[in-house]
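Here the structure comes first, spelled out in structure tokens, and everything after it is commentary.
The values are calculated or read from the model by the stated rules, or taken from the named source; none is laboratory data. Computed from a predicted structure; not experimentally measured. Using ideal geometry, Cβ is built from the backbone for each residue, glycine included, and neighbour counts are taken over all protein chains shown.
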Amino acid sequence: MQAGEEEEEGGELKRRRKSSTSSSSSSSSVFSKLVSKCLLPDGRTVCVGDIVWAKIYGFPWWPARVLGITVSRRGDTGLAVRQEARVSWFGSPTTSFLPLTQLSPFLESFQSRFDRKRKGPYRRAIAEAASAAKQLTPEVRALLTQFET
């Protein structure tokens, strides 16, 4: 566990304080907590286990599964300063930490996020994600199969 994180273990909450690096004489602590779900400002809820589209600069939107969500808040105001998810990429052994704003629901955003021109590993990742979502709708299946080579 790194400084500035909270972790819940066996019902116990562990905290470590991290002072801000501002030059002012008053320092504020930031507390981070692992949560199972998080409400976003736009009204959407992101949950651990969700299948999502995720975006990293320089790469296309890619399907991923949310492995964990961390919310960091300022100790003095309680305001959220960071909300991020650890995601596991379909078709890849890697994981990444991303702001929740870089995630989009997989099925609901399929039409706008799916890149019909991409083939190979991208298509396999999409098929894995759709299978994991266990909701491979006829519409999604038609899009996946319509452009296969």
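A few comments on the model shown:
- Strands (runs of 3 or more DSSP E) contained in the range 73-137 and holding at least 2 residues of a type in the set (S, T, N, Q): 80-89, 95-99
- Within the range 80-131, the set of residues being out of contact with any Lys or Arg (no Cβ under 9 Å at 6 or more places or on another chain), closer than 30 Å to V30 by Cβ and of a type in the set (D, E, K, R) comprises E84, R86.
- Candidate set: the range 65-79, residues that are in contact with a Ser or Thr (Cβ under 6 Å, 6 or more places away or on another chain) and buried (at least 17 other Cβ atoms within 10 Å of the Cβ); chosen: the one nearest to Q111 (Cα to Cα): R65
- So Y57, is it of a type in the set (F, W, Y) and over 26 Å from G43 (Cβ atoms): no
- Selection of the range 80-120 for residues being modelled with pLDDT of 90 or more, loosely packed, with under 15 Cβ neighbours inside 10 Å and more than 15 Å from I56 (Cα to Cα) yields P93, S109, Q111, S112, D115, R116, K117, R118, K119, G120.
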